[in-house]
Amino acid sequence: MHVLVTGGAGFIGSHVVDALVARGDTVTVLDNLTERVHPTRAWPQHLTDACRRVRGDVTERDDWLAALHDAHAVVHLAAYQDYQADFSRFAHVNDVGTALLYELLVERGQPLHCVVAASSQAVYGEGAYTCPEHGRQYPPLRSPKRLARGLWDPVCFACGGPLDPQASTEDRPAPTNAYGISKLAAEAYALTLGARYEIPTVALRFSIIQGPRQSPANAYSGVLRAFVGHVQHGGRPVVFEDGRQRRDYTHVRDAVSAVLTALDRPDAVGRAFNVGSGQVTSVLDYARALLDALGSSLEPDVSGRYRVGDTRHVWSDTSRLRTLGWRPSGTLPEIIHDYLAWPGAAPNFRNWSSRALQRMESTGAVLRADSR
Ligand SMILES: NC(=O)c1ccc[n+]([C@@H]2O[C@H](COP(=O)([O-])OP(=O)(O)OC[C@H]3O[C@@H](n4cnc5c(N)ncnc54)[C@H](O)[C@@H]3O)[C@@H](O)[C@H]2O)c1
């Protein structure tokens, strides 16, 4: 099978490319080597030579046409991810890019075996909770006033009491930032146009994926990259809020196996699936596990900074994808081990983590609670 992987020079994409090549598929990569991810604008060393490379943009018709050529399937991973306030760019890259793919497939009448479209856990916004008295609820965006006072947890809409966080299931997306909105819209384009024009399509809502090849230059590309960057430059890992926010960090190997499952299973078509490890960890525990792995006696820097539009607790229920036989296997220690074993995490790259934090602070994407 000839598979086109958009964003194939990136983190998840390059691992997907390796897995496809390993099983004998022919692979084309479409990637514009965006500066936020690839600061030198060069093809990364980690991208195998065993694929055809098309340098181009998913918002450009001619670039899609050059890449689509005789593809049998598309894994659409190229996206704009960040915490910056350039809201229209999320819509432009993520939504226009996805709509354009379907426009061209319909126009060309190109029959495809499958399109796998990358979505995100960000579609769940603040996630799901229960109140012991008032039941399940999906809190809206956390109030800027409460965040500024360092009151991190959402409260019950009815009684104002504490809520218990729950796993998010696929049936109730409610994004609370521009990225999440754009991913939900992209998913809607893909699944709806796929159904309308009989282009088999699957959407995968990735939890936070971690592992080697996460660009150290990209502020969005993960807590592990940021923590390692701070520690390698003599600092402490900077933890947002109070560090007690919970997540289901997921090994990139499990994201790749989800993509292969989506490509191979006809009964996946037409649906969105969560892809997460099922292992729930606090950010603080993650930072401490990393410091342990590095043999450091430092404590994380819990500074009261917070990211605007960030989520308090969120993790995904993966039972839907498990019904197709997919099982995650990566653990947190393995994620940390594999990342640290990657030469790109070596201690002499420029201090991208501090620069990314400074950039987010200077643009108001990261604020400080004034109660501290
Ligand atoms: N990494 C995660 O934790 C995570 C979580 C949820 C969802 N996702 C989704 O998974 C996909 C892959 O994420 P990733 O972490 O590998 O990202 P990444 O930033 O490492 O890779 C994205 C790649 O897409 C390319 N790209 C960006 N804009 C492009 C454009 N306009 N045209 C062509 N190429 C473009 C970049 O150059 C990069 O190589 C994305 O769709 C993302 O939204 C990732």
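No lab work stands behind these numbers, since they all come straight from the coordinates. For clarity, every value in this text was computed on a predicted model and none was experimentally measured. Note that we place each Cβ from the backbone using ideal geometry, even for glycine, and neighbour counts take in every protein chain shown.
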remark   = If amide H atoms are modeled at 1.01 Å from N in the peptide plane, then the residues at a separation of 5 or more from THR28, or on another chain, having amide H under 5 Å from its own are VAL3, LEU4, VAL5, ARG52
ask   = What is the packing order of peptides 155-167, 38-50, taking the mean over residues of other C-beta atoms within 10 Å and listing the highest first?
value = 155-167, 38-50
query = If you stretched the chain out fully between THR363 and ALA91, how much longer would it get, using 0.36 nm times the residue separation minus the C-alpha to C-alpha distance?
reply = 96.0 nm
ask   = Put a dot 7 Å past each Cα toward the Cβ at LEU298 and GLN279; how far apart are the dots in nm?
value = 2.4 nm
task = Please report the orientation-averaged projected area of the range 5-120, defined via the convex hull of its C-alpha atoms, in nm².
result = 7.2 nm²
query = How big is the equivalent ellipsoid of the range 210-314 along its three axes, where each semi-axis is √(5λ) from the Cα gyration tensor, reported in whole Å from largest to smallest?
reply = 30, 16, 12
ask   = Going by alpha carbons, how many degrees (0 to 90, nearest 10) lie between the helix axis of 178-196 and the longest principal axis of the chain?
value = 30 degrees
request  = Any chance you could list P(r) for the range 52-126, counting all Cα-Cα pairs in 10 angstrom bins from zero, rounded to whole %?
outcome  = 16, 50, 25, 8, 0
note = Taking every DSSP bridge whose two residues both lie in the chain, the antiparallel percent to the nearest 5 is 25 percent
request  = Figure the gain on full extension for ARG52 and SER319 (residue separation times 0.36 nm, minus the Cα-Cα span) and round it to one decimal in nm.
outcome  = 92.6 nm
query = Remind me, relative contact order of the chain in percent, using alpha carbon pairs under 8 angstrom and six or more residues apart?
reply = 19 percent
note = Expected unfolding gain across GLU198-VAL21 under the 0.36 nm per residue rule, minus the alpha-carbon gap, is 61.0 nm
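If you take the C-alpha gyration tensor of the range 259-312, multiply each eigenvalue by 5 and take the square root, what semi-axes do you get, largest first, in whole Å?
They are 36, 17, 8 Å, listed from largest to smallest.
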remark   = Quick calc, ASP171 & HIS72: beta-carbon distance into FRET formula, R0 30 Å, rounding 0.05, result 0.45
ask   = If you add up the charges near ALA42, with Lys and Arg at +1 and Asp and Glu at -1, over every other residue whose beta carbon is less than 13 angstrom from its beta carbon, what do you get?
value = +1
request  = Take TYR102, TYR179 and order them by how many other Cβ atoms sit within 10 Å, fewest up front.
outcome  = TYR102, TYR179
remark   = For the range 271-279, in residue order, the Karplus 3J(HN,Hα) values (coefficients 6.51, -1.76, 1.60; θ = phi - 60°; whole Hz; Gly and Pro = x) are 10, 9, 10, 6, 10, x, 6, x, 9
request  = Would you kindly derive the ³J(HN,Hα) couplings of the range 228-245 from the backbone phi angles with the Karplus curve 6.51 cos²θ - 1.76 cosθ + 1.60 (θ = phi - 60°), listing them in order in whole Hz, with x for Gly and Pro?
outcome  = 4, x, 5, 5, 5, 10, x, x, 9, x, 8, 9, 7, 6, 9, x, 8, 5
remark   = Surrounding charge for ASN218, neighbours by C-beta under 12 angstrom, Lys/Arg +1, Asp/Glu -1, total +3
Most positive-pole-ward Cα, ALA186, ALA128, GLY235, against dipole of the chain from beta carbon charges = GLY235
query = In a solvent-free Debye calculation with one equal scatterer on each Cα, what is log10 I(q)/I(0) for the range 220-274 at q = 0.13, 0.18, 0.19, 0.31 Å⁻¹, listed in the order of the q values?
reply = -0.54, -0.76, -0.80, -1.22
query = Can you pull the percent of Cα pairs in the chain with separation above 36 Å?
reply = 19 percent
